[in-house]
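A short worksheet on the structure shown next.
The values are calculated or read from the model by the stated rules, or taken from the named source; none is laboratory data. These figures come from a predicted structure and were not determined experimentally. For neighbour counting, all protein chains shown are included, and Cβ atoms are generated from backbone atoms with ideal geometry for every residue, glycine included. Remember, those area values only see protein heavy atoms, side chains included, never the ligands or the DNA or RNA. Shrake-Rupley method; radii C 1.70, N 1.55, O 1.52, S 1.80 Å.
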Amino acid sequence: MLLEGTDWASLATVCGTGGSLPTTLARVISPDPVVRTTAIDDALREVTHQNTIYEATVPVACYVAAVLHHPVIAAGDSGTDAGMPPHHPTLVRLLKWLSDTAYDADDECVAISERHFGGEFLDEDRAMRAFRELRPAFFSAVRPLLDHDNAEVRDAAFIAAIPLAEHPALITHRTELVGHARRLLATGTDRHNRDRALDAMKAWGHDTGDLENADDIAARERHARLKAERDSWWAVGGTGGYSESPPF
């Protein structure tokens with residue numbers, strides 16, 4: 001099994017190695033919601049910092065993907081887990097973490113890193129490369145949740161599926177994801193989710209004019225304005241011309 005078969009103590013985390021992770025991860029599927037919540041906090045904290053893919057991130061992601069359909073995790077979404085906000089049941093939290101991690105390893109992040117560190121970046125960052133190679137396996141775990149009865153779970157699964165579907169072996173699934181994007185944009189109000197869905201549709205070559213509402217347009221215009229201001233700031237070398245820090 002993953003927990004017993006991984007040399008966790010040899011894998012780098014945010015502040016050390018993952019020697020304690022097997023015990024912590026095992027509690028993620030505890031029937032006790034308080035234990036489960038604490039375990040998720042403790043486990044993910046060890047591999048989540050400044051958009052970095054650590055060595056231990058990969059097996060943690062594999063474990064998260066493996067327990068998405070565990071009966072305890074599924075049951076936790078029928079109500080509110082103790083100690084957790086009602087809008088963040090266990091399954092949604094795990095999907096959101098997997099989604100955020102996938103975005104930290106997406107094609108755009110790789111391109112940015114290669115501009116800064118050279119074209120051999122992925123050859124040297126073995127953890128990110130390993131995560132990217134496993135995207136089809138993660139997608140297989142997320143895909144059944146795209147039709148979950150809980151709308152919040154469906155949306156979280158779709159947002160996680162977007163960066164995973166960048167893998168060459170998953171390109172054919174984008175047609176399926178377009179339908180989920182349209183459903184989210186027809187009913188969803190979460191700003192983050194809507195932005196992700198709209199960006200994905202545009203990246204996949206779809207016109208989003210009929211899918212955007214007034215808030216979407218305002219957010220897009222604000223983003224464009226901030227980007228222009230940042231570009232202007234960097235154009236003068238990041239110094240001078242401004243009395244305040246750039247608008248990040």
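The Rg/Rh ratio for the stretch 1-160 is 0.97, where Rg is the radius of gyration of the alpha carbons and Rh is the Kirkwood radius.
For the chain, the dipole from Cβ point charges (+1 on Lys and Arg, -1 on Asp and Glu) about the Cα centre works out to 260 debye, to the nearest 20. What's the longest bit of the chain with no exposed GluC sites (Glu not before Pro), using DSSP loop states and at most 11 other Cβ atoms within 10 Å as the test? Result, exposed sites excluded: 121-243. For the chain, with all protein chains in place and a probe radius of 1.4 Å, 54% of the accessible heavy-atom surface sits on carbon or sulfur. Placing dummy labels 7 Å off each Cα toward the beta-carbon, the span from Arg230 to Asp42 is 3.7 nm. Here the spin labels are modelled as points 7 Å beyond Cα on the Cα-Cβ line, and at Ser10 and Val72 they lie 2.8 nm apart.
Figure the gain on full extension for Asp107 and His49 (residue separation times 0.36 nm, minus the Cα-Cα span) and round it to one decimal in nm. The Asp107-His49 span can extend by a further 19.0 nm.
In percent, rounded to a whole number, the relative contact order of the chain is 12, using alpha-carbon pairs under 8 Å and six or more apart. The Cβ shell under 14 Å around Arg222 holds other residues with a net charge of 0, Lys and Arg each +1, Asp and Glu each -1. Pick from Pro136, Pro89, Pro31: which is most flexible by mean-square fluctuation in a GNM of the chain where alpha carbon atoms under 10 Å apart are linked? Highest fluctuation among the options: Pro31. Phi-derived couplings, Karplus 6.51 cos²θ - 1.76 cosθ + 1.60 at θ = phi - 60°, listed residue by residue for the stretch 128-140: 5, 4, 5, 4, 5, 5, 8, 4, x, 5, 5, 4, 4 Hz, with x used for Gly and Pro.
Taking amide H as placed 1.01 Å from N in the peptide plane, the amide H of Ala12 sits under 5 Å from that of Glu55, Ala56, each at least 5 places away or on another chain.
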